[in-house]
Each structure stands twice: as structure tokens, then as C-alpha cells.
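Enquirer: Please read through the structure below; I'll follow up with questions.
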Amino acid sequence: MQGFLAVFKREFKSYFTTPLAYVFLVVYLFFSGYLAFKDGFFESRQADMMIFFVNMPLLFVFLVPAAAMRLWAEEKKTGSIELLFTLPITVMQAVLGKFLAAWLFLIVAISLTFPMALTVCYLGKPDLGLMAAEYLATILMAGGFLAVGCFFSAVSNNQVISFVLSVVACSVLVFAGMPTTMNYLSTFLPAGAVNTVGLMSFQEHFESILRGVLEFKDISYFIILIAGWIAACGAVLDERRAG
Amino acid sequence: MIKIKELRKSFGPIVAVDGVSFEVEKGQVLGFLGPNGAGKSTVMRMLACFLRPDGGTASICGYDIIKNPIQVRQNIGYLAENVPSYSDMTAGAFLNFVCDARGLEGKRRKDALDKTVAMCHIESVYHQTIETLSKGYKRRVGLAQALIHEPPVLILDEPTDGLDPNQKHEVRLLIENMAKEKCIVISTHILEEVEGVCNRAIIISKGKILADSTPEKLKAEYNCTLDEVFRKITAHKVA
């Protein structure tokens, strides 16, 4: 436990000791607002935040890998991994410590969009339960992307390579569920297979929670996805010890 | 306190460590010598449980490096060759992180920090970020990190590399002062250092131990300086 807490604390603080956190927050908050206003946040005249949240997967495909790419690639490049793994810390404690610190950082970023929620509350009477579900969906999706980014960061020593690989992997997970992809796949795949592809994508589960329906299958999708990629990340780092 | 049995490690086709066995007891300061690429750092990395051996085993303070890596790491202080640290942290924050990871809390942490910071003479750079420190100070912060929990076993990979003569002297004094209480393994290329602080020397080349004796005995046996002994043993046996 002490190993986990040490890594978690150090990692979370390190976002704010470098300009990374501030650059990330500014870019994220600007674009999340910009996309919402561009799509007619006010013009829709509806007291909900659907328009704001529906763009999150596209934004996160680029931004979350940018926040995740340094997690392990940097440790390996600078050699500090040798320090980390000669302290009494297990691989899993380190992986979870880093992942949860980065996730908490993303949660901070997501919660800083609160002025949008306040605006909606001020202008109308939104369904607060739905709004909470939308935030939950966004946080879970950020965790999913982060777990993917964490894995690819452990695979390569080079941050750029980690970034590109995780953007590709996250895009596949998002775009597999887009209607255009599904339509294209249905031209040559049987309906069952197309459905399966849809079910494996972020989009389907994200939108399902976004509609305010909290279903076990959607929550468990994200949890299994996160657990799977994190376990794979741990396995890659553990294997690396064998040289 | 350190028992190594037939330790082996290869990286692809390159055999880095080829069946190394030795034991080190409390009170011994072992100088681990060898040309570049001899396998010194690899042995030390395996002892610190950073690399997993391909064959053989080792134990430190009774804990096996493969079965109980966490207990082994609790009992050792390890300074790696390139002195890894988190360069964006201040020296103080970095040492506090190491205390966190090693479970040093409250008064024990304060005492440990006070003692180690004074011992390694890093008071003046305590609030400075590590990336702005000179090579010598970086190494001293690394040394402080290895000593902070007062481990019974110290594994130091080239602890005086890059230090000026005064700093080298200080580190040697530090090692001498700790020698009675601990079991210390040092790798180095500076042979006068071996004569100065070590009471045992192992010469290794191409992953194999070529000599295991005291610096004095080696000099007497070959009837020359330690420098010449080193050259004779490694050049002769390798060729």
C-alpha cells in the first residue's frame, strides 16, 4: 500500500510541477467549450449538456494519449524506472499508482468544465441525474483511453511512438461504433458480427450512459476494458525485467 | 549476508554474466572490478531485483532475489550507475518520495532525513530541482537515497564516478565509516579507491570471475601495483 501511495502522490504532483498540466487543461477546456458552442449549445434551447458531451470521445482520442504517453516511456528513457523498481514497490502497485494519478488528473480536468453545467442550471431546469450520468460516462471513457495509453507507454521508450500507437488504438475503439463504420461493415459482414464490433466500441457504451441509462453492461464494459489494459501494461513491464 | 550462486544472464546472443558465485559477509567492503562490459552492473542489477537472472540464484539477508524481491529491496540501498532520479523534483521532495516508498514516517523520517542530508552534504541544494544540480551533487542525492533507510547491505555502482577529488575523498570516508556495520559492494574503475576502502576485490571479465582475493594479496601475488594486476589478469585471460 505504501508503495502505491508513494507513486500515486509523486505522479499526481509531477503533472503540476511541469507545464504539462496547465497546457493540457487550457487546450482541453478551450476545445470542449469551442466544439459545444460550434454545435449550437445555446441555439438548441434545451436545458441539457448532450451537445457538450457528445464531442468528448473525439477530443479524448487525442488528448488522453497525450497525457498518458509520458507515464512509462519517460521513466524508461530517463532510466528512473531503475530507481522505481529497486524500491520496495511491486509492478502492480506502480502501474496502479500511475494510472490512478493520471485518472485523477483527468477527473480534475473534466470537473473544471463545471461552468457549463452551472450555465445550464442557471438558464433552465436540467435533469441533474442525467447530468451526473453524463459526467460519469465521460470519466469512465477517459479511464478507458488512459488505460490504453498506459499500455502503449509501457511498450515503447519513445513518447511519440506511444502517442501515435495509443491514438490509433483509441480511434479504432471509437470509430468501430460510428454509424458510418457499422454501415460499411454490414455490406460484407453478417449482422451478428457487425453487432459484436459495435458492442466492443467505446461509442456504443458511452452513448448508452449518456442517454441516462446506467446499465450493468456499459459500466462493466469500461471496468473490464480498464482492468484488461492495465493488467497487460503490468505484464509488459514485468516481462521487461527478464531482459 | 549476500550469497550468489551460479548467477547467469544473457541479452540475446550476448552472455553478460556466466555463472558467477560468491559470498559477502558483514564488515566486508567488496570492490567489484572489471573492464567495461564485464558484467559488473548486470550482477548488481540482478542483486537489486531490477533484472531477473536466466539461471542460478542469490539471496540477500536470507531473502531470495527471485522469490522475495520486495524484502530484498527493503534490505538494500542501491545506487545505479547512471544515478536515476526524477529530475523535475527538488532534492528534498525526491528524498521524501523515497521515504514514502520505504514507509519511513513521522519522527523516523525526520531523523533519517536530517542524518542523511548532513552525511551526504546536500543541505545547500535541498530545495533545488535535481535537473539543475551538478553531476557531483546528483550523485550525492543518489547516495542519500540509497542510505536513507540505513540498509544492512549497500550496492553502489561506480559511486565516485564524475566526482571531483574532494568529493571522492568524502565518499570514501563515508564508506569507511559505514564499513563495520554493513556489507558493501562497490564497482569501480579507480583502483586506488579499491586499495583505499575495500578489504576484498573480485575481478570479473566477460561474465566470469577471474580473481577473488584481497587487494594486498593480489599485489603480493603478482608483485606489482593493482593497476598492473588488473591489466595482467583481464588482458591475459580474455586474450
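The values are calculated or read from the model by the stated rules, or taken from the named source; none is laboratory data. Source: prediction; values computed, not measured. Ideal geometry is used to build each Cβ from the backbone, glycine not excepted, and the neighbour counts take in all protein chains shown.
Quick grid of which residues meet (1) of a type in the set (S, T, N, Q); (2) surrounded by fewer than 18 Cβ atoms within 10 Å (Cβ to Cβ); (3) more than 13 Å from every other protein chain (Cβ to nearest Cβ); (4) closer than 30 Å to B:N75 by Cβ:
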position: A:L35; (1), (2), (3), (4): no, yes, yes, no
position: A:S44; (1), (2), (3), (4): yes, yes, yes, no
position: A:M56; (1), (2), (3), (4): no, no, yes, no
position: A:A66; (1), (2), (3), (4): no, no, yes, no
position: A:V95; (1), (2), (3), (4): no, no, yes, yes
position: A:T113; (1), (2), (3), (4): yes, no, yes, no
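Enquirer: Residue check, A:M178 against (1) touching a residue at least 24 places away in the same chain (Cβ under 8 Å); (2) within 14 Å of chain B (Cβ to nearest Cβ), all met but one. Which one?
Expert: (2)
Enquirer: From (1) under 29 Å from B:C61 (Cα atoms); (2) without any contact (Cβ under 8 Å) to a residue 12 or more places away in the chain; (3) touching a helix residue (DSSP H, G or I) at 6+ places or on another chain (Cβ under 7 Å); (4) not aromatic (F, W, Y), pick out the condition that doesn't hold for B:E123.
Expert: It fails just one condition, (1).
Enquirer: Another one. Taking the stated definitions as given, is B:E105 touching a strand residue (DSSP E or B) at 6+ places or on another chain (Cβ under 9 Å) and modelled with pLDDT under 95?
Expert: Details: touching a strand residue (DSSP E or B) at 6+ places or on another chain (Cβ under 9 Å): no; modelled with pLDDT under 95: yes.
Taking the combined requirement at face value, the residue does not satisfy it.
Enquirer: Among the residues of the stretch B:140-164, how many are assigned to a helix (DSSP H, G or I) and farther than 12 Å from B:A91 by Cβ?
Expert: First, pick out the residues of the stretch B:140-164 that are assigned to a helix (DSSP H, G or I): B:140-147.
If we keep only those that are farther than 12 Å from B:A91 by Cβ as well, we get B:146-147.
Selection size over the stretch B:140-164: 2.
Enquirer: Oh, and also: Name the single residue, out of those in the stretch B:52-89 being among the aliphatic types (A, V, I, L, M), within 10 Å of chain A (Cβ to nearest Cβ) and assigned to a strand (DSSP E or B), that is nearest to B:E181 (Cα to Cα). Can you show your working first?
Expert: The initial filter retains those residues of the stretch B:52-89 that are among the aliphatic types (A, V, I, L, M), namely B:58, B:60, B:65-66, B:70, B:72, B:76, B:79-80, B:83, B:89.
When the remaining residues are screened for being within 10 Å of chain A (Cβ to nearest Cβ), the result is B:70, B:72, B:76, B:79-80, B:83, B:89.
If we keep only those that are assigned to a strand (DSSP E or B) too, we end up with B:76, B:79.
On the way: B:I76: 13, B:L79: 18 Å.
In this case the residue turns out to be B:I76.
Enquirer: Which members of the stretch A:15-55 meet the condition of being farther than 14 Å from A:F105 by Cβ, assigned to a helix (DSSP H, G or I) and of a type in the set (G, A, S)?
Expert: If the condition is that a residue be farther than 14 Å from A:F105 by Cβ, assigned to a helix (DSSP H, G or I) and of a type in the set (G, A, S), then A:S32, A:G33, A:A36 are the ones that fit.
Enquirer: Here's a follow-up. Identify all residues within the stretch A:1-16 that are more than 7 Å from every other protein chain (Cβ to nearest Cβ), within 16 Å of A:V91 (Cα to Cα) and surrounded by fewer than 19 Cβ atoms within 10 Å (Cβ to Cβ); write none if there are none.
Expert: A:M1, the sole residue that qualifies.
Enquirer: Within the group B:K5, B:K26, which residue is over 24 Å from A:D238 (Cα atoms) and surrounded by fewer than 22 Cβ atoms within 10 Å (Cβ to Cβ)?
Expert: Working: B:K5 fails: over 24 Å from A:D238 (Cα atoms).
Only one candidate passes the filter, namely B:K26.
Enquirer: Here is a further query. For the list (1) modelled with pLDDT under 90; (2) closer than 24 Å to B:F22 by Cβ; (3) under 16 Å from the mean Cα position of the chain (by Cα), I need the number of the one condition that B:P152 fails.
Expert: Failed condition: (1).
Enquirer: Residues A:A232, A:A227: which one is closer than 30 Å to B:M46 by Cβ and either in a helix (DSSP H, G or I) or more than 14 Å from chain B (Cβ to nearest Cβ) (or both)? Write out each step before concluding.
Expert: Working: A:A227 fails: closer than 30 Å to B:M46 by Cβ.
Criteria check complete, one pass: A:A232.
Enquirer: Next up: Kindly indicate the residue of the stretch A:68-85 that is part of a loop (DSSP other than H, G, I, E, B) and within 9 Å of another protein chain (Cβ to nearest Cβ) and also surrounded by the most Cβ atoms within 10 Å (Cβ to Cβ) among those meeting that condition. I'd like the intermediate steps shown before the answer.
Expert: First, pick out the residues of the stretch A:68-85 that are part of a loop (DSSP other than H, G, I, E, B): A:69, A:79, A:85.
Filter again for within 9 Å of another protein chain (Cβ to nearest Cβ), leaving A:79, A:85.
Values: A:G79: 14, A:F85: 23.
My answer is A:F85.
Okay, residues lined up against (1) under 16 Å from the mean Cα position of the chain (by Cα); (2) buried (at least 19 other Cβ atoms within 10 Å of the Cβ):
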{"position": "B:L174", "(1), (2)": "yes, no"}
{"position": "B:A179", "(1), (2)": "yes, no"}
{"position": "B:I184", "(1), (2)": "yes, yes"}
{"position": "B:A201", "(1), (2)": "yes, yes"}
{"position": "B:A211", "(1), (2)": "no, yes"}
{"position": "B:F230", "(1), (2)": "no, yes"}
{"position": "B:T234", "(1), (2)": "no, yes"}
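Enquirer: In addition: Sort out which residues of the stretch A:173-195 are surrounded by 14 or more Cβ atoms within 10 Å (Cβ to Cβ) and either touching a Leu at 6+ places or on another chain (Cβ under 8 Å) or assigned to a helix (DSSP H, G or I) (or both), and write them in order of number.
Expert: Going residue by residue through the stretch A:173-195, those that are surrounded by 14 or more Cβ atoms within 10 Å (Cβ to Cβ) are A:173-178, A:181-182, A:185-186, A:189, A:194-195.
Listed by number, the residues that qualify are A:L173, A:V174, A:F175, A:T181, A:M182, A:L185, A:S186, A:V194, A:N195.
Per-residue answers, yes or no, for (1) surrounded by 18 or more Cβ atoms within 10 Å (Cβ to Cβ); (2) at pLDDT below 90; (3) of a type outside the set (G, A, S):
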{"position": "A:L20", "(1), (2), (3)": "no, yes, yes"}
{"position": "A:F53", "(1), (2), (3)": "yes, yes, yes"}
{"position": "A:L63", "(1), (2), (3)": "yes, no, yes"}
{"position": "A:T90", "(1), (2), (3)": "no, no, yes"}
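Enquirer: Pick out the one residue from B:E23, B:E6 that is free of Cβ contacts under 8 Å to residues at least 24 places away in the same chain, assigned to a strand (DSSP E or B) and out of contact with any His (no Cβ under 7 Å at 6 or more places or on another chain). Outline the logic, then answer.
Expert: Numbers: B:E6 fails: free of Cβ contacts under 8 Å to residues at least 24 places away in the same chain.
After ruling out the rest, the residue left standing is B:E23.
Enquirer: Answer yes or no: is there a residue in the stretch B:41-51 that is assigned to a loop (DSSP other than H, G, I, E, B), out of contact with any Phe, Trp or Tyr (no Cβ under 6 Å at 6 or more places or on another chain) and either surrounded by fewer than 24 Cβ atoms within 10 Å (Cβ to Cβ) or more than 9 Å from chain A (Cβ to nearest Cβ) (or both). I'd like the intermediate steps shown before the answer.
Expert: Step one: filter the stretch B:41-51 for residues assigned to a loop (DSSP other than H, G, I, E, B), giving B:48-51.
Filter again for out of contact with any Phe, Trp or Tyr (no Cβ under 6 Å at 6 or more places or on another chain), leaving B:49, B:51.
Going one step further and asking which of them are either surrounded by fewer than 24 Cβ atoms within 10 Å (Cβ to Cβ) or more than 9 Å from chain A (Cβ to nearest Cβ) (or both), we end up with none.
Within the stretch B:41-51 (the criterion being assigned to a loop (DSSP other than H, G, I, E, B), out of contact with any Phe, Trp or Tyr (no Cβ under 6 Å at 6 or more places or on another chain) and either surrounded by fewer than 24 Cβ atoms within 10 Å (Cβ to Cβ) or more than 9 Å from chain A (Cβ to nearest Cβ) (or both)), the answer is no, since none of the residues qualifies.
Enquirer: Only residues that are part of a helix (DSSP H, G or I) and of a type in the set (D, E): list them for the stretch A:201-223, please. Explain how you work it out, then say what you get.
Expert: So the first thing to find is which residues in the stretch A:201-223 are part of a helix (DSSP H, G or I), and the list is A:202-210, A:216-223.
Passing the criteria: A:E204, A:E207, A:D218.
Enquirer: Please go through the stretch A:86-111 and pick out each residue that is farther than 18 Å from B:S87 by Cβ and not in a helix (DSSP H, G or I).
Expert: Matches in the stretch A:86-111: A:P88, A:I89, A:T90.
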